[in-house]
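Below is one structure, written out as structure tokens; comments come after it.
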Amino acid sequence: MNADQLISKIKAHPAYGEVGMILCHNGVVRRTSRDGRKVTGLRVAVDWQRLSQVLVEHKSRPGIVDIQVKIAADTDLSIGDDVMMLVVAGDIRENVIDALTDTLNAIKTTVTAKTEFFT
């Protein structure tokens, strides 16, 4: 995954002149699960239709110019691999931070399902 590619898409947006901030999230596979168990990797399933709905919803928020996302779906990932890249561009810090947080939470709770592999 490459943040530069997603940022380039945002910079090509016709309303890019309204952008005052671009914020990126890069989720990676970590060595331990939230409950402390040792992880060897994971796999992510994506509901692509729901992802489209989430993006439409959050792109319509005040001040948001564009949102780009890439998810490493349906592949076995190892420790340190990129899981998801999310890039949000908008007018001011408060709008962009809130949009990134809410979009990320919506993706994590309603779009993706991960399967962790343990030692």
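The values are calculated or read from the model by the stated rules, or taken from the named source; none is laboratory data. Bear in mind that the values here come from a model prediction, so they are computed numbers and not experimental data. Using ideal geometry, Cβ is built from the backbone for each residue, glycine included, and neighbour counts are taken over all protein chains shown. In case anyone asks, the SASA skips ligands and DNA or RNA and just uses the protein heavy atoms, side chains included. Shrake-Rupley method; radii C 1.70, N 1.55, O 1.52, S 1.80 Å.
On full extension, the segment bounded by PHE117 and CYS24 gains 30.8 nm, given 0.36 nm per residue less the C-alpha separation. For the range 18-119, the relative contact order comes to 44 percent (Cα pairs under 8 Å, sequence separation of at least 6).
For the range 66-110, the extents of the C-alpha atoms along the principal axes are 37, 18, 16 Å, listed from largest to smallest.
With a 1.4 Å probe rolled over the protein heavy atoms of all chains, the accessible area of MET85, MET1 falls in the order MET1, MET85, largest first.
The local environment of ARG34, defined by Cβ-Cβ distances under 15 Å, has a net charge of +4 under the rule Lys, Arg +1 and Asp, Glu -1. Note on LYS11: lysines with a C-alpha under 29 Å away, same-chain residues under 8 apart excluded, are LYS59, LYS70, LYS108. When the accessible area of the chain is split by element with a 1.4 Å probe, what percent falls to carbon and sulfur? That fraction is 48 percent. What is the angle, in °, between the Cα long axis of helix 48-59 and the longest principal axis of the Cα atoms in the chain? Nearest 10 is fine, range 0 to 90. It works out to around 40 degrees. In the chain, helical runs assigned H by DSSP with n ≥ 4 each contribute -39500 (n - 2.57); averaged across all residues and rounded to the nearest 500, the mean residue ellipticity at 222 nm is -9000 deg cm²/dmol. Label zone of THR40 (point 7 Å out along Cα→Cβ, amide N under 17 Å): in the range 70-106 this covers 75-81.
With loop membership from DSSP and a limit of 15 other Cβ atoms within 10 Å, the longest segment of the chain without trypsin sites (Lys or Arg not before Pro) is 38-119.
All other residues whose Cβ lies under 15 angstrom from that of VAL56 are scored, Lys and Arg at +1 and Asp and Glu at -1, for a net of -1. By the compact-protein rule of thumb, 2.2 N^0.38 Å, the alpha-carbon radius of gyration of the chain corresponds to a ratio of 1.11. Rolling a 1.4 Å probe over the protein heavy atoms gives the range 10-50 an accessible area of 68 Å² per residue.
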